[in-house]
Amino acid sequence: MKITVVHKLELGQEAPALVVPVFQRALDDDPLVARLDRRAGGRILEAAVQERFKGKAGQSFTFNMSGGKLPRRLCLVGLGEPSSLSSEKYRRAAGAAAGCFRAWNVTRAALACRVPARAGGVTAVEICGALAEGMSLGLYRFEKYKSIDESSPAYAGLDELELFFYGGRGASLKQDAAALKTAASHALTVAGGVISARELVNEIPAELTPERLASVAVRLAKSHEGLSCRVLDEREMEREKMGATLAVARGSANAPRFIELSWEPPGKPVNDELLVLVGKGVCFDSGGLNIKPGEHMAGMKMDMAGAAAVLGAMEVIAALKLPLRVSAVVAAVENMPGGRSYKPDDIVRALDGTTIEIGNTDAEGRLTLADALAWATGKLGASRVVDLATLTGACVVALGPSTAGLFGND
């Protein structure tokens, strides 16, 4: 998707789709909406009232228009109260707009955004980045395995998006074009890393085995100068004495892999510290011999979401050429029941020599992470470690489905 910041907004039929984020209870006060409404003979605001659209955060309203001085389609998306604005609200508004573009099957569109004089401390540059990121993520769908319907072809995607920023009277804001362009480009790079992680999490477990997850890291290293990748197979893991990870992997027909992906920046880094990102990489978690109930096993392909997140982060770090020394570490396994599976009451020895008694084979994540963390600190000499894991359902019980548990020693 190409994003262009423009200083003149085309409102004729050559602009097939236009999205305008609006503040709550401020439709009459928005100069661009008022201008469009006058051209439409007052029908836009009248329809908005009928549909009870007030510009609340999360609300959207679409309107089909005709006439040489009007775009073909208009979508108003709510930002909420102007007194409580944040870049996140703009990001979510752009995500909602992306849904309109998909429904309309448009490949070219415009998004016109009002920047109030007091936007809660949010600048036009920050808003630009939030809109670009939200649009990119909102357009994403995992449709690899969907059946092809020739009568309703899949959405080809948005090729071009024009961003227009305006102030109190609807006139273009003469912002620093270079800064806005950089913000949009940066946001698309970050969104690209998120989408890469989503692709891995959404992939089916028959395809995303530990070996194939490792191959993703290898390809990533080959595509970015400064990235290097080391993959240990089962025999090499045995030589390194990764007993905790190997115990988890024993029940699966798919052998484990240990992934080390490292970034060395061009030029001198800002400091000598090494940040290590550790991601849980259980490509499928059946629970092992302590097998999960059927209703809890669906979705366990996502137990490698931590690994997906750190690989996506490394993609972004390399693309942005951040002046930091960073490595990612993943112990990739499957936790399956089998004749060789590790058992409750077994005692395994981790990489650092610690012995661990097995109480439940469905507590496999902390075993693989024990070896990964020991590698990060003992082998790599990490100055700082960030560990990402879908580690325990108890966290969901405690905090709910949309809040992560964060633990740290700082």
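The values are calculated or read from the model by the stated rules, or taken from the named source; none is laboratory data. Bear in mind that the values here come from a model prediction, so they are computed numbers and not experimental data. Don't worry about glycine lacking a Cβ; one is built from the backbone with ideal geometry, like all the others, and counts go over all protein chains shown.
Summary table
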quantity: Flag if LYS241 is crowded, with 19+ Cβ neighbours inside 10 Å and either of a type in the set (Lys, Arg) or at pLDDT below 95 (or both); calculated: no
quantity: Complete set of residues in the stretch 186-224 that are free of Cβ contacts under 8 Å to residues at least 12 places away in the same chain and loosely packed, with under 14 Cβ neighbours inside 10 Å; calculated: ALA206, GLU207, ARG219, LYS222, SER223
quantity: Condition met for ALA197 (part of a helix (DSSP H, G or I) and either modelled with pLDDT of 95 or more or out of contact with any strand residue (DSSP E or B) (no Cβ under 7 Å at 6 or more places or on another chain) (or both)); calculated: yes
quantity: Any hit, the stretch 2-23, residues being out of contact with any Cys (no Cβ under 8 Å at 6 or more places or on another chain), on the phi > 0 side of the Ramachandran plot and not aliphatic (A, V, I, L, M); calculated: no
quantity: All positions within the stretch 113-142 that are of a type outside the set (A, V, I, L, M), at pLDDT 90 or above and either under 26 Å from PRO31 (Cβ atoms) or assigned to a helix (DSSP H, G or I) (or both); calculated: CYS113, GLU126, CYS128, GLY129, GLU133, GLY134, SER136, GLY138
quantity: Cβ pairs under 8 Å, 6+ apart, first in the stretch 349-361 and of a type in the set (Lys, Arg), second part of a loop (DSSP other than H, G, I, E, B); calculated: ARG349/LYS241
quantity: Test: residue in the stretch 143-161 that is closer than 30 Å to PRO31 by Cβ and part of a helix (DSSP H, G or I); calculated: no
quantity: Residue selected from the stretch 1-15 under the condition loosely packed, with under 13 Cβ neighbours inside 10 Å and more than 11 Å from ALA132 (Cα to Cα), by the criterion modelled with the highest pLDDT; calculated: LYS8
quantity: Test: CYS283 is in contact with a helix residue (DSSP H, G or I) (Cβ under 7 Å, 6 or more places away or on another chain), in a strand (DSSP E or B), buried (at least 18 other Cβ atoms within 10 Å of the Cβ) and without any contact (Cβ under 8 Å) to a residue 60 or more places away in the chain; calculated: no
quantity: Qualifying position, being assigned by TED's automatic domain parsing to the domain that holds VAL329 and out of contact with any Leu (no Cβ under 7 Å at 6 or more places or on another chain), among ALA382, ALA389, ALA376; calculated: ALA376
quantity: Hits in the stretch 271-301 - residues which are out of contact with any strand residue (DSSP E or B) (no Cβ under 9 Å at 6 or more places or on another chain) and either among the β-branched types (Val, Ile, Thr) or closer than 20 Å to LEU208 by Cα (or both); calculated: ILE291, HIS296, ALA298, GLY299
quantity: Residues within the stretch 331-388 that are assigned to a loop (DSSP other than H, G, I, E, B) and among the aromatic types (Phe, Trp, Tyr), tallied; calculated: 1
quantity: Long-range neighbours under 7 Å by Cβ, at least six apart or interchain, first residue more than 23 Å from VAL385 (Cα to Cα) within the stretch 399-410, second surrounded by 10 or more Cβ atoms within 10 Å (Cβ to Cβ); calculated: LEU399/GLY405
quantity: Checklist (1) surrounded by fewer than 15 Cβ atoms within 10 Å (Cβ to Cβ); (2) in contact with a Leu (Cβ under 9 Å, 6 or more places away or on another chain); (3) among the polar types (S, T, N, Q) applied to SER83, failing item; calculated: (2)
